[in-house]
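A short worksheet on the structure shown next.
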Amino acid sequence: MRLFTATLATETNTFSPLPTGLASYQESVFLRPGEHPDDAPRMCTAPLIVARRRAAKDGFTLVEGSCFAASPAGTTNRRDYETMRDEILGQLTAALPLDAVLLGLHGAMVAFGYDDVEGDIIERVRDIVGAKCIIGVELDPHCHLTLKRVRLADIIVLYKEFPHTDVVERAEDLLDLVLATLRGKIKPVMSLYDCRQIQSYPTTLPLMRAFVDRIKAMEGKDGTLSISIAHCFPYADVPELSGRVLVVADGDKAKADAVATRLGEELVSMRGKTMPEFLDTKGGVAAALAFNAAPVVMAEPSDNAGGGAPSDNTSILRELIARKAGDAALGPIWDPVAVRLCFDAGLGATFPLRFGGKTGPASGQPIDAAVEVIGLASDCWQSFGPTKVPLGDCAAIRIGGVDVVLITKRTQALGLELFTNLGIDPRAKKVVVVKSTNHFMAAYGPIAKKVLYVDSDAPLCRDYRKIPYTRVQRPIWPLDQDTEPGLIF
Ligand SMILES: [Zn+2]
């Protein structure tokens with residue numbers, strides 16, 4: 001058996017002021033065949049790591065293609081996308097004949113001229129490998145699960161957890177299903193239910209926790225092979241943006257239809273009940289300071305680099321300073337120029353620095369202040385479950401009693417290393433502010449005495465009715481009250 005794997009991934013916020021060019025991939029994940037390290041998957045590369053580990057034991061030959069991934073931001077440069085895609089397609093052609101292809105994609109990537117990048121990739125892969133070759137795809141649940149992908153792939157598996165701590169387990173599931181298909185043990189058929197809704201579904205909250213535990217228990221029983229919930233990615237103006245349920249069943253389309261419909265209807269009934277409560281900036285800081293145990297972890301989803309936000313809004317920091325919060329830490333603020341200035345000033349220096357508030361109107365104003373450089377570290381990393389995520393060179397500054405982490409490689413708060421790399425212990429702080437939607441919970445949930453969510457004036461507004469969509473298919477909740485959910489494949 002011959003299997004091929006490759007990755008081409010980012011999550012595209014089409015409203016972001018930061019276009020994504022080749023350099024964004026080069027500074028994140030840009031690995032040619034054989035170059036992928038063994039230690040851990042990078043963004044969306046779990047299918048490669050899992051297949052590499054299992055090839056000998058499971059008796060197949062793995063042909064590794066390139067892996068390209070960029071931190072979420074704006075639309076990808078068209079020529080750069082086509083260059084990376086065509087490199088992978090060339091490797092695929094050279095690897096023929098193949099029994100299966102494993103694609104580690106994100107699912108919400110948009111390039112100029114391509115609303116549905118993943119659909120484009122799967123279509124071109126299908127054209128090259130033919131109808132009999134099995135195409136298995138792993139996607140992030142924050143994807144646009146388009147009809148084209150479901151029509152052209154054989155098996156699609158999404159991560160179930162948000163925070164995404166199960167990327168490796170789901171890649172194992174995908175490989176299991178692909179191998180079982182090749183061995184003639186199963187005949188996967190897929191059904192897709194469209195909930196016609198835009199919603200966020202952290203699995204750290206009770207309602208979704210119970211839902212995900214239940215669908216996991218259904219898998220492997222009564223002919224149900226796999227169940228995936230596509231949460232959707234709200235910050236993209238693409239036609240097929242919507243929450244969807246995908247069911248893979250063993251040869252029984254009616255069965256897949258029934259399960260997808262039942263679970264889809266259940267998700268529709270959960271509209272408005274799966275998100276945490278959001279406070280405004282003043283209310284959030286006041287609540288954090290009033291709480292009588294520490295640390296309070298305050299998340300700022302609206303400036304989450306993981307959703308394509310610049311991660312340089314300064315509103316919460318201003319409020320912490322104005323309230324003389326002291327004993328607080330905040331990160332990350334993406335500001336490569338400020339990091340460079342801190343390195344030039346040197347550890348222990350106090351000097352006037354302008355930082356943050358630079359990338360776009362929703363970044364707010366920069367802060368001008370005398371800051372103390374309290375930490376400098378080169379080429380830093382943070383962990384996210386089994387994945388390693390680069391931070392680049394980092395600087396920690398103290399301003400008004402708040403320790404602020406500045407980074408050069410734009411990403412969200414994931415691991416405690418964001419702070420500990422620079423000698424800051426988040427466990428010892430009264431308030432820890434993290435720019436992240438919910439992935440922070442994997443590492444910060446366990447240390448938090450309380451978690452608060454603040455909807456600041458940063459760009460990823462949590463009220464989806466305020467997002468200026470023009471191309472999303474309507475009607476869709478909560479933009480419209482009357483919608484028509486139903487089975488679409
Ligand atoms: Zn995601």
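Every read-out reported here was derived from the displayed coordinates using simple, explicitly stated rules and does not represent laboratory data. Here the structure is a predicted model, which is why all the values come from computation and not from measurement. Neighbour counts run over all protein chains shown; Cβ positions are idealised from the backbone, glycine included.
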Practice task
Determine the calculated [θ] at 222 nm for the chain from helices alone, applying -39500 (n - 2.57) to every DSSP H run no shorter than 4 residues and normalising by the residue count; nearest 500 deg cm²/dmol.
Solution key: -8500 deg cm²/dmol
Handout entry: Label point 7 Å beyond Cα of ALA370 along Cβ direction - residues of the range 395-435 with amide nitrogen under 17 Å
Key = 397-402
Practice task
Take each of the peptides 281-288, 190-197, 136-143, average the number of other beta-carbon atoms within 10 Å over its residues, and list them starting from the highest.
Solution key: 136-143, 190-197, 281-288
Handout entry: Partner lysines for LYS132 [C-alpha distance under 22 Å; skip if fewer than 8 residues away on the same chain]
Key = LYS148, LYS185, LYS187, LYS253
Practice task
Scale the Cα Rg of the range 272-375 by the rule-of-thumb value 2.2 N^0.38 Å and send over the ratio, two decimals.
Solution key: 1.17
Fill in the blank from the handout: Rh (Kirkwood, all Cα-Cα pairs) for the range 1-127, Å, reads 14.7
Exercise for the section: For LYS160, go through the lysines and keep the ones whose alpha-carbon is under 20 Å away, minus same-chain ones fewer than eight residues off. Expected result: LYS216, LYS221, LYS273, LYS388
Practice task
Jot down the per residue volume, in cubic angstrom and as a whole number, of the convex hull over the alpha-carbon atoms of the range 330-489.
Solution key: 161
Handout entry: In Hz, Karplus ³J(HN,Hα) per residue of the range 350-360 (6.51, -1.76, 1.60; θ = phi - 60°; x = Gly, Pro)
Key = 10, 8, x, 10, 9, 8, x, x, 10, 6, x
Exercise for the section: Quick one: give the max-minus-min coordinate of the C-alpha atoms of the range 41-111 along each principal axis, largest first, in Å. Expected result: 41, 24, 14
Problem - Amide H partners (placed H, <5 Å) of GLN197, local residues excluded - result: GLY243, TRP477
Completion exercise
A student asked for the Cα radius of gyration and Dmax of the chain in angstrom ought to give 22.3, 68
Handout entry: Top positive-direction residue, dipole computed over the chain with Cβ charges, set SER71, LEU22, VAL451
Key = VAL451
Practice task
Run down the aspartates and glutamates and flag those whose C-alpha is under 15 Å from the C-alpha of LYS466, throwing out any fewer than 8 positions away in its chain.
Solution key: ASP237, ASP455, ASP457, ASP480
Fill in the blank from the handout: Taking alpha-carbon centroids only, the range 32-95 lies from the range 138-157 a number of Å equal to 17
Handout entry: Cα-based helix-to-principal-axis angle, 281-290 vs the chain, degrees rounded to 10
Key = 70
Exercise for the section: Distance from a point 7 Å along Cα→Cβ of SER383 to each backbone N in the range 432-451: keep the residues under 18 Å and list them by number. Expected result: 439-448
Handout entry: Net length gained if the chain between LYS185 and ASP86 were fully extended (0.36 nm per residue, minus Cα distance)
Key = 32.3 nm
